[in-house]
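Let me begin by presenting the structure, written as structure tokens, before commenting on it.
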Protein chains: 2
Amino acid sequence: MKNLEIILENNQIKSTAMRLLVLQFILSKKTALSLSQLESYFDNADRTTIYRTIKTFVEKELVHQIDDGTGITKYAICEENCHCEIENDLHLHFHCTKCEETTCLTDYKIPKINLPEGFIAENINLVVKGICEKCNNLSSI
Amino acid sequence: MKNLEIILENNQIKSTAMRLLVLQFILSKKTALSLSQLESYFDNADRTTIYRTIKTFVEKELVHQIDDGTGITKYAICEENCHCEIENDLHLHFHCTKCEETTCLTDYKIPKINLPEGFIAENINLVVKGICEKCNNLSSI
DNA sequence: TAACTTCTGCAACAAGATTGCATTATTTTT
DNA sequence: AAAAATAATGCAATCTTGTTGCAGAAGTTA
């Protein structure tokens with residue numbers, strides 16, 4: 001059994017051709033992907049299939065959903081032991097306004113947030129916008 | 001001249017019937033509003049007019065735009081001296097998963113965020129999701 | 001009043017997200 | 001292995017949010 005199949009199995013996802021391809025593509029990318037990016041990469045696959053594939057991945061916690069403030073949902077592979085829903089595990093996301101790519105800064109955890117009395121936090125989303133390392137380097141040449 | 005008209009004037013916005021009504025409604029709400037909420041409240045007003053009214057408010061910095069992670073943009077009145085665009089002034093937002101309302105926690109500023117070398121932050125968006133005070137109290141009765 | 005600017009209402013469109021349904025593929029049961 | 005049940009896929013269609021173009025109404029200025 002191949003690596004990809006093992007990953008799917010570990011997440012209780014039955015492997016199909018499409019799922020393997022989508023997984024492979026996501027893994028090959030360092031930045032988070034939007035549905036339309038997947039759609040244009042797999043240009044002879046059906047939109048709906050890709051949509052439902054990614055939705056399955058999210059449900060099975062193989063991929064997490066990122067709202068980077070562009071209005072377009074992005075998806076990225078969960079790190080090992082990523083419990084997307086558990087507060088302490090949340091890392092921050094960076095959206096570059098130049099190359100428009102969204103990066104998971106997995107090692108950069110969200111600091112402890114104080115809330116007014118009575119508010120219960122379940123989830124925290126922190127997106128920093130600016131210039132990413134790559135674009136920053138390019139412009140300084 | 002009424003209060004509402006003064007507010008508009010202070011922000012270099014000409015007052016019209018619609019603008020006064022929209023402003024009044026926004027002021028009456030403690031939570032941030034979506035366009036569709038405005039639309040359904042003013043159900044005999046035109047979508048576009050409301051859209052452009054709110055857009056004018058945002059441009060003139062009377063209202064700030066909130067991305068609460070639901071994918072639907074919310075709007076709330078700027079506090080006095082709110083420089084929405086200036087990093088240090090950014091407060092955090094709370095989205096209740098029960099009542100689905102988004103609240104500005106104006107007094108809760110975003111903590112300093114560390115970024116990897118080479119990344120330049122221009123803007124930070126922090127949204128906490130969970131149960132708001134109101135829903136929390138209701139459920140504990 | 002005429003000329004001009006601004007605001008409003010209607011229609012239309014675009015993109016992203018989502019659903020229903022029929023078909024195909026896969027798995028389970030007999 | 002065939003039948004039955006379950007799951008995945010492809011296509012069409014829809015919804016929602018956000019947005020623009022344009023014509024007419026309202027208000028302003030000369």
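Some points to look at:
- Across the range A:54-68, computed HN-Hα scalar couplings (Karplus, 6.51 cos²θ - 1.76 cosθ + 1.60, θ = phi - 60°) run 5, 5, 4, 4, 5, 4, 8, 6, 8, 9, 10, 8, 10, 9, 8 Hz from first to last residue, x flagging Gly and Pro.
- Spatially, the range A:1-41 and the range B:11-63 are offset by 43 Å when compared through their Cα centroids.
- Between copies, the label points at B:HIS91 (set 7 angstrom from Cα along Cα-to-Cβ) are spaced 3.2 nm, reported in nanometres from shortest to longest.
- Trypsin sites (Lys or Arg not before Pro) within the range A:33-82: DSSP coil, no more than 14 neighbouring Cβ in 10 Å: A:LYS60
- Taking the Cα centre of the protein assembly as shown as origin and assigning +1 to Lys and Arg Cβ atoms and -1 to Asp and Glu Cβ atoms, the resulting dipole is close to 480 debye.
- At 7 Å out from Cα toward Cβ: B:PRO116 inter-copy label distances (nm, ascending): 3.7
- Compactness of chain B was expressed as the Cα radius of gyration divided by 2.2 N^0.38 Å, which yields 1.15.
- To the nearest 10, the accessible area of B:ASP43 is 120 Å² with a 1.4 Å probe.
- Surface accessible to a 1.4 Å probe, per residue, for the residues of the range B:3-139, Å²: 57 Å²
- Distances between equivalent label points of B:ASP43 across the copies, with each point positioned 7 Å along Cα→Cβ, amount to 4.7 nm, shortest listed first.
- Cut-off 13 Å between beta-carbons: net charge of the residues surrounding B:SER34, Lys and Arg +1, Asp and Glu -1: -2
- Solvent-accessible area buried by pairing A with B, both sides, nearest 100 square angstrom, 1.4 angstrom probe: 2700 Å²
- Value at 222 nm in deg cm²/dmol, rounded to 500, when DSSP H runs of n ≥ 4 in chain A each add -39,500 (n - 2.57): -9500 deg cm²/dmol
- Residues of the range A:13-27 falling in the label zone of A:SER40, defined by backbone nitrogen less than 18 Å from a point 7 Å along Cα to beta-carbon, are A:25-26.
- Heavy-atom accessible area ranking, 1.4 Å probe, most first, across B:GLU122, A:GLU39, B:GLU117: B:GLU117, B:GLU122, A:GLU39
- Expressed as a whole percent, the accessible area of the protein assembly as shown that falls on carbon and sulfur atoms is 46 (1.4 Å probe).
- Using the Cβ-Cβ distance between B:GLU133 and A:LEU20 with R0 set to 41 Å, the FRET efficiency from 1/(1 + (r/R0)^6) comes to roughly 0.30.
- Efficiency of FRET between A:LYS29 and B:ASN11 - r from beta-carbon atoms, R0 45 angstrom, step 0.05: 0.55
- Size of charge dipole - the range B:3-139 - debye, nearest 20, with Cβ of Lys, Arg +1 and Asp, Glu -1, no other charges: 360 debye
- Length added when fully stretched, B:GLU100-B:GLU117, from 0.36 nm per residue minus Cα-Cα: 2.4 nm
- Counting Lys and Arg as +1 and Asp and Glu as -1 over every other residue whose Cβ lies under 10 Å from the Cβ of A:ASP68, the net charge comes to -2.
- Kirkwood Rh (inverse of mean 1/r, distinct Cα pairs), the protein assembly as shown, angstrom: 21.0 Å
The values are calculated or read from the model by the stated rules, or taken from the named source; none is laboratory data. The shown structure was predicted, so the numbers you read here are calculated from the model rather than taken from an experiment. As a convention, Cβ positions derive from the backbone with ideal geometry for all residues, glycine included, and neighbour counts pool all protein chains shown. Just the protein is used for accessible areas: all its heavy atoms, side chains included, with ligands, DNA and RNA removed. Shrake-Rupley method; radii C 1.70, N 1.55, O 1.52, S 1.80 Å.
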